[in-house]
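Here is the structure we will look at.
Values in this text are rule-based calculations from the coordinates and carry no lab data. From a predicted model like this one, the values you see are computed outputs, not experimental measurements. All Cβ positions, even for glycine, are placed from backbone atoms using ideal geometry, and neighbour counts span all protein chains on display.
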Amino acid sequence: MEHERTRTRAWVLHPEIKSDSGRREAAPALDEAIALAAALPDLDVIGSNVVRLPKAHAGMLFGSGKIEELAGILKANEVELVLIDGSVSPVQQRNLEKAWKVKILDRTGLILEIFSDRAATREGVLQVEMAALSYQRTRLVRAWTHLERQRGGLGFVGGPGETQIEADRRAIDDQLVRLRRQLDKVVKTRTLHRASRAKVPYPIVALVGYTNAGKSTLFNRLTGAEVMAKDMLFATLDPTMRRVQIPDGPEVILSDTVGFISDLPTELVAAFRATLEEVLAADVILHVRDISHDESKQQAADVEAILASLGVDENRARIEVWNKLDQLPAEDAEARRQRAEREDGIHAISALTGEGLDGLLADIAEQLQGVRHEELLKLTFAEGKQRAWLFREDLVQSEEQTETGFDITVLWTDRQKAKFERL
């Protein structure tokens, strides 16, 4: 009989800090944190609760009375790991671990752990390792050497003990340099692939959205592919691309991306920039929303904030896709359909049943009017800004230097041409 992996007994805490003006609703935030924990196969979440605080305590996060009360609960339930849905400083982490005699993992650590568990491509693995090292460099409370072993998880959950901080920091910096070099190679290859794709006039349609909004289900429905699509946070991590023929429209490349989440760790936004570059290069962005979720509006705002931080042009063609109509009561679903019909750029659909997809595809075809065409531009040396923009947008097919400047062959849409002319 195969040896069963030991599951770690975990408890989830969501600190609701009154002095934090940007705080989220406690109940849905706790639910999301539990769902995050459930995304790790080695964890057994045996309990959870919201902890209300007037303000965060610098050294321990919680006040002494609350720490004592929680210590009793954790001991009685034989908890081995406490997941704190928020940011925990290295000092707070050390102090809480001493007080409760359990391991502590904050929101960033938990998301990194999930990403580590899911990364399938070389690029994904490298990005997670870099993000984990950047995160760990700020704490240095455990050895980083777990990154060397064949892994399922980063080892935050069951890693080794304290190490010499200076040696650790040096080792982490060396490892980061090495990983950066490897990632640069992977990114170069990716850029070459993208450049070769650009030579074929296929527009790119990128799916973005909050994690578990149903992007992969929609991707599978439109492409006939079999991308992992589960009712689980971060089911898709590595980008997947397929060619799709739009009825009465062009052939496009459809790109499925990693799901976003509120308070996405900055280490991860930086590390996954290369993966999300597919979104930057997209001709149309489909923002998929789980319209049946209580926090759908807040989730949409979080996605928009991350797109803005990535530098996605707000003038880029965008369609909002209200997914999961099938999960709403009939009356609510009908109200959403009617509102989507009244407003431009919104489609109410069910990726699961296929409802509303014909209208969505017709809209994509319309947005892509004037599919990419080739054009020769003659720029002077003084038009360096325009030339740089063409390269930045991945539009250049070939370039020749002349006596007065550059002859540049570009492949672009009418929309991109109009934007260039406004420069």
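Things worth noting here:
- Other-chain or far-sequence residues with amide H under 5 Å of residue 43's (modelled H): 8
- Distant-in-sequence amide H partners of residue 351 (H built 1.01 Å from N, under 5 Å): 324, 325
- Nearby aspartates and glutamates by direct alpha-carbon distance to residue 297 (threshold 14 angstrom, same-chain neighbours under 8 apart not counted): 25, 320
- Note on residue 378: lysines with a C-alpha under 18 Å away, same-chain residues under 8 apart excluded, are 417, 419.
- Between residue 176 and residue 305, the FRET efficiency from the beta-carbon distance, with R0 = 25 Å, is close to 0.40.
- Note on residue 23/residue 98: beta-carbon distance plugged into 1/(1 + (r/R0)^6) with R0 of 25 Å gives a FRET efficiency of 0.35.
- For the pair residue 366 and residue 122 in one chain, pulling the backbone fully straight at 0.36 nm per residue adds 84.2 nm over the alpha carbon distance.
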